[in-house]
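Since the structure comes first, as structure tokens, the remarks are kept for the end.
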Amino acid sequence: MIFNSFSNNKVRIFTLASGLLLTAATFSVSATSPVKPDEMVQPMIKAQAYSATNYVSQEASKMFPAPKEGQVQHILTLDTLDNEADYMLEIQIGQTKMVDCNKHGLTGELKQFSVKGWGYNYYQVDTINEGPSTMMACFDKALTEQFLPIQGSLKIPYDSRLPKVIYLPENSQVRYRVWKVDAPFAYSGSKAK
């Protein structure tokens, strides 16, 4: 009987000590910020915008037309990467507006053009208009600032050799991000012999 009482105390002490050690180990792990590998850091993109009044010709983009009155030329210059085939650039075009609780949208047609004699592509949206919206009753009358893109986004291969040039109406924005391939290719079917 004394032996069982002594064993139960050891079990309780062991359980308590294990719980404290587990709590301490868990706390120290959760208190440390994870380190991001270099592959996770967004490549740097330099963005510039010029209107007809403040246009300055840049060496890398001098072959593209100057912006017309009421238009803004957005130039995205991409950093050189080791394996650019593993990256893609996503571009969204829209405007930042104050909106209520409804879902709002904008309309605009994104066109692709080519610089005559050079063959370099650029993109243009002539007009951006109010688009479809839901018509829910918003009991909270507060407005929030939100980026509203036109339908669709532009996904192009990451290529640092040329800037990405986009012409938009004034008061419009270009929103962009870089995608990176994380998975290797998988194969379907059998290998050729």
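Restricting to segment 107-120, and then to whatever is open to solvent by less than 80 Å² (accessible area, probe 1.4 Å) and among the small types (Gly, Ala, Ser), can you tell me which residue is nearest to residue 171 (Cα to Cα)? Talk me through it step by step, then tell me what you get.
Initially, segment 107-120 is screened for residues open to solvent by less than 80 Å² (accessible area, probe 1.4 Å), giving 107-108, 110-111, 113-115, 119-120.
Filter once more, keeping what is among the small types (Gly, Ala, Ser): 108, 114, 119.
Details: 108: 14, 114: 24, 119: 29 Å.
So the residue we want is 108.
Before we move on, is residue 162 modelled with pLDDT under 95 and in contact with a helix residue (DSSP H, G or I) (Cβ under 8 Å, 6 or more places away or on another chain)?
Details: modelled with pLDDT under 95: yes; in contact with a helix residue (DSSP H, G or I) (Cβ under 8 Å, 6 or more places away or on another chain): yes.
So residue 162 fits the description; yes.
Suppose the filter is surrounded by fewer than 10 Cβ atoms within 10 Å (Cβ to Cβ), small (Gly, Ala, Ser) and either modelled with pLDDT of 85 or more or not in a helix (DSSP H, G or I) (or both); does residue 33 pass it? Before the answer, list the steps.
Details: surrounded by fewer than 10 Cβ atoms within 10 Å (Cβ to Cβ): yes; small (Gly, Ala, Ser): yes; either modelled with pLDDT of 85 or more or not in a helix (DSSP H, G or I) (or both): yes.
Yes.
Select from segment 61-76 the residues that are within 17 Å of residue 168 (Cα to Cα) and open to solvent by 40 Å² or more (accessible area, probe 1.4 Å) and list them in ascending order.
Filtering segment 61-76 for residues within 17 Å of residue 168 (Cα to Cα) gives 61, 64-76.
Scanning segment 61-76 gives 65, 66, 68, 69.
Do we have residue 156 as of a type in the set (Val, Ile, Thr) and closer than 24 Å to residue 83 by Cα here?
On the way: of a type in the set (Val, Ile, Thr): yes; closer than 24 Å to residue 83 by Cα: yes.
In short, yes.
For segment 126-138, how many residues meet the condition of being under 19 Å from residue 172 (Cβ atoms) and open to solvent by 50 Å² or more (accessible area, probe 1.4 Å)?
The number of residues fulfilling the criteria is 6.
Residue 183: more than 29 Å from residue 96 (Cα to Cα) and within 23 Å of the chain's Cα centre (by Cα), yes or no? Break it down stepwise before answering.
Details: more than 29 Å from residue 96 (Cα to Cα): yes; within 23 Å of the chain's Cα centre (by Cα): yes.
Yes, satisfied.
Could you please find all residues in segment 127-160 being over 21 Å from the mean Cα position of the chain (by Cα) and part of a loop (DSSP other than H, G, I, E, B)?
Step one: list which residues in segment 127-160 are over 21 Å from the mean Cα position of the chain (by Cα), which gives 127-143.
Listed by number, the residues that qualify are 127, 128, 134, 135, 136, 137, 138, 139, 140, 141, 142, 143.
Given the conditions (1) part of a strand (DSSP E or B); (2) open to solvent by 60 Å² or more (accessible area, probe 1.4 Å); (3) within 27 Å of residue 161 (Cβ to Cβ), and given that residue 123 satisfies all but one, which numbered condition is not satisfied?
Status for residue 123: all satisfied but (2).
Only one of these is closer than 24 Å to residue 50 by Cα and surrounded by 11 or more Cβ atoms within 10 Å (Cβ to Cβ): 164, 180. Name it.
Working: 180 fails: closer than 24 Å to residue 50 by Cα.
Result of the check over 164, 180: 164.
Test of understanding: among 88, 98, which residue is farther than 25 Å from residue 157 by Cα, open to solvent by 60 Å² or more (accessible area, probe 1.4 Å) and either in a helix (DSSP H, G or I) or in contact with a strand residue (DSSP E or B) (Cβ under 7 Å, 6 or more places away or on another chain) (or both)? Don't jump to the end; show me each part of the working.
Numbers: 88 fails: farther than 25 Å from residue 157 by Cα.
The match here is 98.
The values are calculated or read from the model by the stated rules, or taken from the named source; none is laboratory data. Just so it is clear, the structure is predicted and the values come from calculations on it, not from any experiment. Positions of Cβ are generated from backbone atoms using ideal geometry, with glycine treated the same way; all protein chains shown enter the neighbour counts. These area figures cover heavy atoms from the full protein model, side chains too; ligands, DNA and RNA do not enter into them. Shrake-Rupley method; radii C 1.70, N 1.55, O 1.52, S 1.80 Å.
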